[in-house]
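Read the figures in this text as sums done on the coordinates, not as results from a lab. Note that the structure is a prediction, hence the values are computed from the model and not measured. When we count neighbours, we look across all protein chains shown, and the Cβ atoms used for this are built from the backbone with ideal geometry, even at glycine.
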2 protein chains.
Amino acid sequence: MWSQNALMSTAPSTSYYRKMSVSRLTPEDLLAARERIKSKVVQTPVMRSDALDKRLGVSIYFKCEQLQVTGSFKYRGASHAVSLLDDECLGVATHSSGNHGAALARAACDRGIPAQVVMPEGAVEFKVEAVKAEGGHVHFCAPTQAAREAGLQGWVDKGFEAVPPYDDDRIIAGQGSCALELIEQVPDLDCIFAPVGGGGLLAGTALAAAGFSRPITVIGAEPAGADDAQRSLELGHRVQNHQPDTIADGLRALIGERNLGLIQQHVSGIITVTEGEIIDAMALIWTELKQVVEPSGSVALAALIRALNDQPEAWSGKNIGLVLSGGNLDVSRLTDAWRQ
Amino acid sequence: MWSQNALMSTAPSTSYYRKMSVSRLTPEDLLAARERIKSKVVQTPVMRSDALDKRLGVSIYFKCEQLQVTGSFKYRGASHAVSLLDDECLGVATHSSGNHGAALARAACDRGIPAQVVMPEGAVEFKVEAVKAEGGHVHFCAPTQAAREAGLQGWVDKGFEAVPPYDDDRIIAGQGSCALELIEQVPDLDCIFAPVGGGGLLAGTALAAAGFSRPITVIGAEPAGADDAQRSLELGHRVQNHQPDTIADGLRALIGERNLGLIQQHVSGIITVTEGEIIDAMALIWTELKQVVEPSGSVALAALIRALNDQPEAWSGKNIGLVLSGGNLDVSRLTDAWRQ
């Protein structure tokens, strides 16, 4: 437990970065992580919408990670992992088809070391360009998990440090800084809704909330078409069959092992939503907040609206933090509709 | 002239609100207007984009009026006009097919009086709904200028106060508050680019800049398909033929009489841009700033890019303020592209 004015632990605690599938992270580790990346990350603003609050009967505090460096929360974890590297480190490597690749490329670039990003053939051109724009070296592989891991292993064998996208304590600790900020920005928060894909953000959020003495409920939000986190939570272990089918491309990953462990401990529940609910929520965010948020970033609002429909008495009147996790999408696909 | 710390004039100066086609507004009137609306309007943030600055070789300060009440700068002028009404005023009336109608409805609602908004049949459904959502009473008329004015006159005859969208000193003075804020927020600004339709925003911007002792160039930005302001400036009087054809629906109005007068006095030039340039600029804003800005709100960036292409030596390295004037568009038209 810590108070909001707790002293930050300044001595780097690296013991929890050992390769194990159960996380040993504590709330104190998140404070230390936040301190390490403070000068790099943007303390993103919290936005409000009177119109949405009135319409939904709650007070929503939107945490704007679309305004984070590289346009998503992923930069928090990536820059934290990079901050812990030895000075002798040759560079970093990962496999990614999305925001983590760009975030890691930027974090590596900030430190002056190369980032090797293995991407599956057929990855969205827009996301490939984003990795390159941040200075990342893109290497294509066959679009299978085995090929991605083999591609990454090749770089690890050459001495590059692997930085996985979510199943990694350095990453989870970094992502937790988002909720630490939010809870400080909104002192009377009752609850936080955050999306879950691999589970880095949700696990970090839950651990951050658990560190405060006042109770803050944490709810995961997941597309019904990629509901492995919810099913894993019900089963008590990671599901084996996972064939994601959702427009929320940032949430297609299978829940990570240590992420699931933290979520089991600290998250109150996961709400799944349909594709239509995701698009409706995205349109609301664009219209009312004037913020470009990608489908994955809109899932938390979709889940809140579903919760308010299903159990209005449980949620009405609450102060709800809601993580808009990113804003990276190929807008040319949309603006082309304007061209004749 | 005033310094940034000039005392605000607190005594309302209403002499300039007489119905005449030449504006008598002074920079001091803008300060007084700003003081009157200070508690109503949002002091909108200024956003930056490292990526855009690097790409274009300038420092751009985006003034985010898409985050203003009702989603556009129009609320500044509307709330100022309403602040000057007598307590006995029955209500306000205007004709509008766009943001001014919604802004006036909101300003009237804030003061507890009704707003009658005459809208042409065939007006965009999205904009009609926006006026209603702000509490405005919508009255349809034939889609001609004569019918719109007749519709408005009917309400004036019933005792409602007419509040025109731009050719009105109360409105121009209110819109000027946007540039007053921007110049205070960015102390070393060299230049401001602002879009021009009827000319309320551009005239207010130019008058605001003229009030500062340090020189700040003001440039208007106009769609080539609605270039009446540029042509009027060249001719020395308002053009007679005006058949606007542009996606920038907020800039289709004919330049106002008194607006043109102020622009002739204080604006350095008007740059026109193609429809393609407007869409390209809009896509850049959505991608790099993650802000939903409508086509009209993207015209200033399009003009800056054109200026940098045509005369790089004149603009490179400058500190440029750029007004993102609004973010109201029917996003369902865009998000529907995601639905299968």
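Inside 10 Å of the C-beta atoms of A:325-333, what's the mean count of C-beta atoms belonging to other chains?
4
Under a plain spin-label model, where a point goes 7 Å from the Cα along Cα-to-Cβ, how far apart in nm are B:Gln43 and B:Val124?
In this crude label model, B:Gln43 to B:Val124 measures out at 3.1 nm.
Subtracting the Cα-Cα distance from 0.36 nm times the residue separation, let me have the gained length for A:Ala337 to A:Ala314 in nm, one decimal.
Stretched out fully, the A:Ala337 to A:Ala314 stretch lengthens by 4.2 nm.
Please compute the average number of Cβ atoms from other chains found within 10 Å of each residue's Cβ in peptide B:293-303.
Values: counts 2, 1, 2, 0, 1, 1, 0, 0, 0, 0, 0.
For this peptide, the per-residue mean of nearby foreign Cβ atoms is 1.
Report the net charge of residues surrounding B:Ser325, where surrounding means a beta-carbon distance below 10 angstrom and charges are Lys +1, Arg +1, Asp -1, Glu -1.
In short, 0.
To the nearest Å, what is the center-to-center distance of the stretch A:196-218 and the stretch B:71-141, using C-alpha atoms only?
44 Å
Point me to the residue of chain A whose C-beta lies closest to the A-onto-B rotation axis, rounding the distance to whole angstrom.
Per the Cβ-to-axis criterion, the result reads A:Leu334, 2.
Is there a pair in A:Lys40/B:Lys318; B:Lys40/B:Lys318; A:Lys290/B:Lys74 whose C-alpha atoms are over 21 Å apart, and which pairs would that be?
A:Lys40/B:Lys318; B:Lys40/B:Lys318
Could you work out how far apart the two model spin labels at B:Leu90 and B:Glu184 are, taking each label as a point 7 Å from the Cα in the direction of the beta carbon, and quote it in nm?
Using points 7 Å along Cα→Cβ, the separation is 3.8 nm.
Would you kindly work out, in nm and rounded to one decimal, the distances from the label point of A:Lys158 to those of the same position in each other copy, ordered shortest first, with label points 7 Å along Cα-to-Cβ?
A:Lys158 label point versus its equivalents elsewhere: 7.6 nm.
7 Å along Cα→Cβ for the label point: how many nanometres lie between A:Gln243 and each equivalent label in the other copies, listed shortest first?
Computed spacing set for this position: 5.7 nm.
Please give the charge dipole size of the protein assembly as shown, origin at the Cα centre, charges +1 on K and R Cβ atoms and -1 on D and E Cβ atoms. Round to the nearest 20 debye.
Dipole magnitude for the protein assembly as shown comes out near 820 debye.
When only Cα pairs under 8 Å and 6 or more residues apart are kept, what is the percent relative contact order across chain B? Each step should come with its number before you reach the end.
Values: 722 pairs, mean separation 71.4, N = 340.
Averaging sequence separation for qualifying contacts and normalising by length gives 21 percent for chain B.
Between copies, how far does the label point of B:Asp50 sit from its twins, in nm, shortest first, when each point is 7 Å from Cα along Cα→Cβ?
3.6
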